[in-house]
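Below: the structure, in structure tokens.
The values are calculated or read from the model by the stated rules, or taken from the named source; none is laboratory data. If you're wondering where the values come from, they're calculated on a predicted model, not measured in any experiment. Counting neighbours? That spans all protein chains shown, and the Cβs are built from the backbone with ideal geometry, glycine included. SASA here: full protein model, heavy atoms, side chains in, ligands and nucleic acids out. Shrake-Rupley method; radii C 1.70, N 1.55, O 1.52, S 1.80 Å.
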Amino acid sequence: MVREFQYRGETFRVNAHGIAGHEEVFIIYLVDGEELEETSIDRMTEENDTSAPLEDICVMLCDRLIDEREIVCSAPESGFIWVEGKVLAQVHNGIQDHH
């Protein structure tokens, strides 16, 4: 899945692929549509809560990226929200119907 979301007033894109709880998750910080910073986690091999929903992993990664890159957020108190209509790619589960 590739989808945009907002967190703390900033825009990010998540690229997640794999089985729920064991995905590789990449977070890209966007400014005016331009990719500026990135961080990731491999939930299969790196320590994390594999029962946590993807949204919680996105927040964890964003907090890490914001701290490491000293990103000044425009709305530090605002939470996570998916950007409606911004599903850029929905990856199938590996099972396809062949007609």
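Report relative contact order for the range 1-94 in percent, whole number only (criteria: Cα-Cα under 8 Å, sequence separation at least 6).
Details: 161 pairs, mean separation 35.5, N = 94.
Computed over the range 1-94, the figure is 38 percent.
With the whole protein complex present, VAL72 retains an accessible surface near 120 Å², based on a 1.4 Å probe. Here the calculated FRET efficiency for GLU70 and GLU47, from their Cβ-Cβ distance with R0 = 22 Å, stands at 0.35, rounded to the nearest 0.05. Between the helical axis of 54-69 and the longest alpha-carbon principal axis of the chain there is an angle of about 40 degrees.
Computed over the range 1-49, the quotient of the alpha carbon radius of gyration and 2.2 N^0.38 Å is 1.19.
Which whole number in µm²/s is D for the chain by Stokes-Einstein, with the Kirkwood Rh taken over Cα pairs at 37 °C and 0.692 mPa s? Before the final figure, lay out each step's value.
Details: Rh = 14.2 Å.
In µm²/s, the coefficient is 232.
With the convex hull of the Cα atoms taken as the outline of the range 43-85, the averaged projected area works out to 4.3 nm². Could you pull out the chymotrypsin sites (Phe, Trp or Tyr not before Pro) across the range 22-88 that fall in loop regions by DSSP (anything but H, G, I, E, B) with no more than 16 other Cβ atoms inside 10 Å? Within the range 22-88, the qualifying chymotrypsin sites (Phe, Trp or Tyr not before Pro) (loop, at most 16 other Cβ atoms within 10 Å) are PHE80.
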